[in-house]
Amino acid sequence: MYQADFIVIGSGMAGLTFAIKASRFGRVAIITKGSVEESSSIYAQGGIASVLSDEDTFEEHIKDTISVGVGLCNEEVVDTVVRQGPGMIEELIELGANFTGTTLGGQKGLDLGREGGHSKRRIVHAGDITGREVGATLLEAVKQNPKIDIFEDHIAVDLITHTKFIGPLDKERVWGVYALNKRSGEIETFITGATVLATGGAGKVYIYTSNPDVATGDGVAMAYRAGAEIKNMEFIQFHPTCLYHQDAKSFLISEALRGEGALLKRKDGSRFMDSYHEEAELAPRDIVARAIDFELKKTGDDCMYLDISEKDADFVRERFPNIYKRCMELGIDITKEPIPVVPAAHYICGGIATDVDGRTSIKGLYSIGESACTGLHGANRLASNSLLECLVMADRAAACMEDEKKNQERLEKNLSSIPPWDELGTVRSNEAVVVTQNWEEIRRLMWNYVGIVRSEKRLRSAQDRLSLLLKEINQYYWDFKVTSDLVELRNIATVADLIVRSALLRKESRGLHYNIDFLESDDKNFKKDTTLKKNGA
Ligand code: FAD
Ligand code: SIN
């Protein structure tokens with residue numbers, strides 16, 4: 001049994017920032033299921049949206065965010081996150097983050113990129129490897145901090161809830177987490193008064209995704225099982241431009257290319273975005289993704305093309321060194337030829353419902369970053385607002401830890417009642433094929449039936465199939481010793497089910513949820529969040 005003042009699950013930008021900031025108030029443990037470096041955060045290309053130019057204002061960033069969120073943004077959260085942004089960027093620079101600078105317009109010497117849905121240039125970036133730069137800076141600070149312990153190769157399995165493991169309680173409370181040590185195969189008990197879920201997104205619920213393998217929605221699934229409120233799971237953002245190449249797994253072609261003038265084209269070289277939206281290539285992401293999806297279905301082609309070859313070759317190589325290099329490795333010279341692209345699942349706007357400080361509906365449980373649903377994004381996320389949210393919400397949740405420490409006495413009282421993990425009656429599985437088969441089936445089903453364009457019939461078919469799969473997976477889970485693959489399978493099945501159930505509740509099209517049976521938005525009945533809770537509404 002390990003005890004810390006605060007435990008954060010996840011070592012992406014949200015988790016690392018939280019750990020650094022919360023260490024002011026006590027000892028922090030970071031639990032992460034792979035290497036501490038692995039996360040979606042480190043693959044971020046475009047950058048971090050923030051108001052840093054004299055030509056920009058908080059009001060404009062707020063307006064762009066709310067407009068893209070189509071009526072579902074929590075305006076208090078938007079206001080808070082946008083206004084706290086510049087301070088967070090400054091702190092990163094003080095920590096050593098080396099953002100791309102310029103001698104042109106941008107304040108503080110920063111080069112500010114442009115992305116879809118933004119009325120101004122406001123994306124702070126480090127070339128096209130922003131995530132890697134910020135991640136390395138944060139990790140360095142974490143490693144030097146004697147009050148932070150890192151547990152790599154530990155996958156959190158389930159939260160330790162008071163009512164399930166100790167006894168009845170009026171308002172549920174969490175006292176830490178059971179985590180599988182992937183090296184020893186043992187489940188270890190991590191105890192704390194404040195548990196923070198910073199487990200990132202759930203792109204792996206879909207067969208085609210920009211996300212790394214760790215993005216299996218574990219935090220959302222654990223929080224749901226613990227009884228937390230889950231919101232807006234139907235809003236899945238599909239990035240319009242992932243590289244289409246048989247040897248490229250999940251490689252993103254940043255929206256920043258379109259911000260610098262890249263054009264979307266059909267195989268025959270003709271443009272199409274100007275016939276879908278007045279902002280053409282710089283329309284919000286859902287519109288571009290749907291347009292590509294429509295063109296693919298209409299033409300029967302395998303991909304569309306993104307063309308930046310009209311731009312000066314030196315500029316392209318300097319501004320997008322990582323994309324240039326990766327494409328070159330695959331035989332595509334982006335300074336001379338168009339890049340084959342397709343949409344892929346990229347970001348989940350919904351998640352564990354929190355307030356403006358990251359508190360969930362369960363005491364002692366917080367969520368920050370992509371696993372949370374703060375209300376910043378509403379029905380659609382403005383590009384590069386995610387990393388901004390990770391930083392600000394980590395900072396805000398950490399500020400609550402001084403107060404959370406007061407639960408120490410209560411924790412001590414309950415400590416001896418927290419049982420170790422019980423694996424009685426389970427045996428080692430010799431049927432790993434069940435996991436592989438179900439994993440593949442769920443992800444394909446979600447892509448085909450719950451993708452960019454949805455219908456009631458397909459959603460209902462998905463729900464029927466998922467309910468059978470969930471039953472089978474749960475049975476398997478209780479019969480056999482827990483493995484990392486099984487934990488992830490159970491979680492993607494839970495998250496897929498939450499997405500489908502939420503999508504079925506929304507009988508309209510809004511933002512990222514596009515249903516051909518209800519093409520219009522219906523403000524009267526659906527200008528509200530979709531909330532799901534275990535055994536509840
Ligand atoms: P992550 O960075 O995903 O970290 C989650 C962490 O939790 C990982 O360390 C993971 O291993 C760990 N974890 C998960 N489950 C468990 C478990 N059960 N037990 C233990 N550990 C667990 N957004 C922007 O704003 N700007 C961009 O330019 C941008 N570019 C992107 C490019 C790509 C390719 C991708 C995939 C996303 C991009 N996004 C971008 C979105 C953004 O990167 C993510 O939303 C953000 O990084 C999420 O950060 P996070 O800290 O919440 O989670
Ligand atoms: C990108 O660089 O296109 C990704 C930006 C984002 O997801 O916010």
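Residues that are farther than 20 Å from Ala291 by Cα number at least 2 in the following strands (runs of 3 or more DSSP E) confined to the stretch 184-247: 187-191, 194-197.
Can you tell me which residue among Thr161, Thr241 is surrounded by fewer than 24 Cβ atoms within 10 Å (Cβ to Cβ), of a type outside the set (A, V, I, L, M), touching a residue at least 12 places away in the same chain (Cβ under 8 Å) and touching a strand residue (DSSP E or B) at 6+ places or on another chain (Cβ under 8 Å)?
Thr161
Selection of the stretch 1-50 for residues being within 16 Å of ligand 2 (Cβ to nearest atom) and hydrophobic (A, V, I, L, M, F, W, C) yields Met13, Ala14, Ile42, Ala44, Ile48, Ala49.
Among residues of the stretch 123-141 that are farther than 8 Å from Phe99 by Cβ, none has a Cβ under 7 angstrom from a residue that is near ligand 1 (Cβ under 10 Å from one of its atoms) and of a type in the set (Lys, Arg) at a sequence gap of 6+ or on a separate chain. Restricting attention to the stretch 310-328, the residues that are within 18 Å of Glu255 (Cβ to Cβ) and surrounded by 15 or more Cβ atoms within 10 Å (Cβ to Cβ) total 9. Among the residues that make up the stretch 432-452, is at least one of them of a type in the set (Ser, Thr, Tyr), crowded, with 17+ Cβ neighbours inside 10 Å, assigned to a helix (DSSP H, G or I) and in contact with a helix residue (DSSP H, G or I) (Cβ under 7 Å, 6 or more places away or on another chain)? Within the stretch 432-452, one or more residues are of a type in the set (Ser, Thr, Tyr), crowded, with 17+ Cβ neighbours inside 10 Å, assigned to a helix (DSSP H, G or I) and in contact with a helix residue (DSSP H, G or I) (Cβ under 7 Å, 6 or more places away or on another chain).
Output the number of residues of the stretch 38-56 satisfying the condition of being more than 8 Å from ligand 1 (Cβ to nearest atom) and not hydroxyl-bearing (Ser, Thr, Tyr). Talk me through it step by step, then tell me what you get.
Step one: list which residues in the stretch 38-56 are more than 8 Å from ligand 1 (Cβ to nearest atom), which gives 50-56.
Filter once more, so that each one left must be not hydroxyl-bearing (Ser, Thr, Tyr): 51-52, 54-56.
Selection size over the stretch 38-56: 5.
Within the stretch 290-297, does at least one residue satisfy the condition of being assigned to a helix (DSSP H, G or I), free of Cβ contacts under 8 Å to residues at least 60 places away in the same chain and more than 30 Å from Asp497 (Cβ to Cβ)? Yes, that holds for at least one residue.
Looking at the stretch 359-369, is at least one residue free of Cβ contacts under 8 Å to residues at least 40 places away in the same chain and farther than 24 Å from Leu138 by Cα? Within the stretch 359-369 (the criterion being free of Cβ contacts under 8 Å to residues at least 40 places away in the same chain and farther than 24 Å from Leu138 by Cα), the answer is no, since none of the residues qualifies.
Within the stretch 374-393, can you find the residues that are within 12 Å of ligand 1 (Cβ to nearest atom) and either surrounded by fewer than 24 Cβ atoms within 10 Å (Cβ to Cβ) or within 27 Å of Lys405 (Cα to Cα) (or both)? Result: Thr374, Leu388, Glu389, Cys390, Leu391, Val392, Met393. Residues in the stretch 375-419 that are away from ligand 2 (no atom under 16 Å from the Cβ), under 31 Å from the mean Cα position of the chain (by Cα), outside any helix (DSSP H, G or I) and not hydrophobic (A, V, I, L, M, F, W, C): Gly375 only.
Computed from the coordinates by the stated procedures, all read-outs in this text should not be read as laboratory data. Quick caveat, the model's predicted, so the values are computed rather than measured. Because the Cβ atoms are built from the backbone with ideal geometry, glycine has one as well, and the counts that use them run over all protein chains shown.
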